[in-house]
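Every number in this text was worked out from the coordinates using simple rules, so none of it is lab data. Just so it is clear, the model here is predicted, and its values are computed rather than measured. Ideal geometry is used to build each Cβ from the backbone, glycine not excepted, and the neighbour counts take in all protein chains shown.
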Amino acid sequence: MSREDILALFGRREAAWKARDARALAESHAINGIVISPTGGVLEGRDEIQRVYEIWFSAFPDLTFTSDDLLVDGSRAMQVASVCGTHSGDFFGVPSTGRKVSFACALVISVENGEITHERRILDFTGVLVQVGVLKAKPR
């Protein structure tokens, strides 16, 4: 796969993020792709990957994903992004709080045949839980 092909894949993903299209995001993954995520654990297969995108979009209907940096090296990519949204629906058993969340994340991705075969998501999930009020931050 060429660098241009990988950049095109990320361009399609950017459009899917803007549309909050869980199916299109999941379809950028291989049918038997794997995602390792602090929110969903180890997700195996496109259906499970789509399910977690749907959870995020349901819980944060105004969710935005803004790519801050994208590095491509051969068939691997590293994307750093900013994520923001309002907690307006159930989120892994946490009822809506109406609170805003904002956090940075990094995605380490392997691509084969135009699809993501492996993705590792790195984000401060504890910080997200503090922002929605599930956890309390210890005062300094």
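The table for this structure:
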{"quantity": "In nm, spacing of pseudo-spin labels at residue 36 and residue 51 (7 Å Cα→C-beta vector)", "calculated": "2.0"}
{"quantity": "Backbone HN-Hα couplings from phi across the stretch 46-63 [Karplus 6.51/-1.76/1.60, Hz, Gly and Pro as x]", "calculated": "4, 4, 5, 4, 4, 4, 6, 4, 4, 4, 4, 5, 6, 6, 10, x, 9, 4"}
{"quantity": "Angle in degrees between helix 3-19 and the longest Cα principal axis of the chain, rounded to the nearest 10", "calculated": "30"}
{"quantity": "Using θ = phi - 60° and Karplus 6.51 cos²θ - 1.76 cosθ + 1.60, couplings along the stretch 83-94 (whole Hz; Gly, Pro as x)", "calculated": "10, 9, x, 10, 6, 10, x, 4, 10, 6, x, 9"}
{"quantity": "Integer Hz, Karplus 6.51/-1.76/1.60 couplings in order for the stretch 33-43, x for Gly and Pro", "calculated": "x, 10, 10, 10, 9, x, 8, x, x, 8, 9"}
{"quantity": "Computed [θ] at 222 nm, deg cm²/dmol, the chain (DSSP H ≥ 4; -39,500 (n - 2.57); rounded to nearest 500)", "calculated": "-9500 deg cm²/dmol"}
{"quantity": "In nm, spacing of pseudo-spin labels at residue 100 and residue 4 (7 Å Cα→C-beta vector)", "calculated": "4.1"}
{"quantity": "Long-range amide H partners of residue 99 with built H, under 5 Å", "calculated": "87"}
{"quantity": "Net charge of neighbours whose Cβ lies under 13 Å from the Cβ of residue 126, counting Lys and Arg as +1 and Asp and Glu as -1", "calculated": "+1"}
{"quantity": "The stretch 3-131: proportion of alpha-carbon pairs further apart than 18 angstrom, %", "calculated": "51"}
{"quantity": "Charge dipole (debye, nearest 20) of the chain; +1 at Cβ of Lys and Arg, -1 at Cβ of Asp and Glu", "calculated": "680"}
